[in-house]
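See structure below.
Computed from the coordinates by the stated procedures, all read-outs in this text should not be read as laboratory data. If you're wondering where the values come from, they're calculated on a predicted model, not measured in any experiment. Counting neighbours? That spans all protein chains shown, and the Cβs are built from the backbone with ideal geometry, glycine included.
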Amino acid sequence: MNLKHPSALSWRNHFAFRGQPFPIMLRPWITDTGSLTQKLRQASAGQFELCLLNSQWQTPKPDERHALSLPERQTALVREVLLKGKNQPWIYARSIIPRTSFIGPLQSFKHGSHQPLGEILFNHPKIIRRPAQFAHGSLAQLTSTDLSYHHCNMENSVWARRSVFDLDNALLLVMEVFLPDLPEYPRIGVSFR
């Protein structure tokens, strides 16, 4: 079920959030530059599950097209997944993979692969991750899929990040929304002051 987005989100770098810093318990998650999949596997003590919600060709949203420098009417594979730990929804992820990026290791995603994208990205020898952007809003604003059937309150205020990945000139955009059931780990995070 697709939802209407009540308002456009503003994606900004972390310096733009000085007046509203990331919550301390979320900083180790949202600022981590390594594989989120690996971090989730560790945090869940191996009780990790990927639920493929959607994988279809469609026109990306304007801000997604802009991030990838795509022409206005060009379609891309839009892949939405829910990453669960200990049977709880921890992360909603939306990936935009342009047609021109289906070379090498990304080819398997053309046909609805259930493999975590992070396993491909962070094992690629030539991966470049561009600086992350961040947004804060309701779950309804940040997702394209109704997650209420996964016991998610669509009005919850959540944080998200997105990055453009370059795998040897194959570009893709990955957005990750950090859901309220994500466990809090008392670790020292990155300070933005």
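Packing, as the average of other Cβ atoms within 10 Å across residues, places the peptides 80-88, 174-182, 66-74 in the order 174-182, 80-88, 66-74, highest first. Taking other Cβ atoms within 10 Å as a rough exposure proxy, LEU52, LEU77 sort from fewest to most as LEU52, LEU77. Once the Cβ-Cβ distance of THR31 and ASP146 is raised to the sixth power relative to R0 = 25 Å, the FRET efficiency obtained is 0.30.
The rule of thumb for compact globular proteins, 2.2 N^0.38 Å, goes into the C-alpha radius of gyration of region 14-178 1.00 times. Cβ crowding within 10 Å, taken as a proxy for footprinting-reagent exposure, orders ARG12, ARG27 from fewest neighbours to most as ARG12, ARG27.
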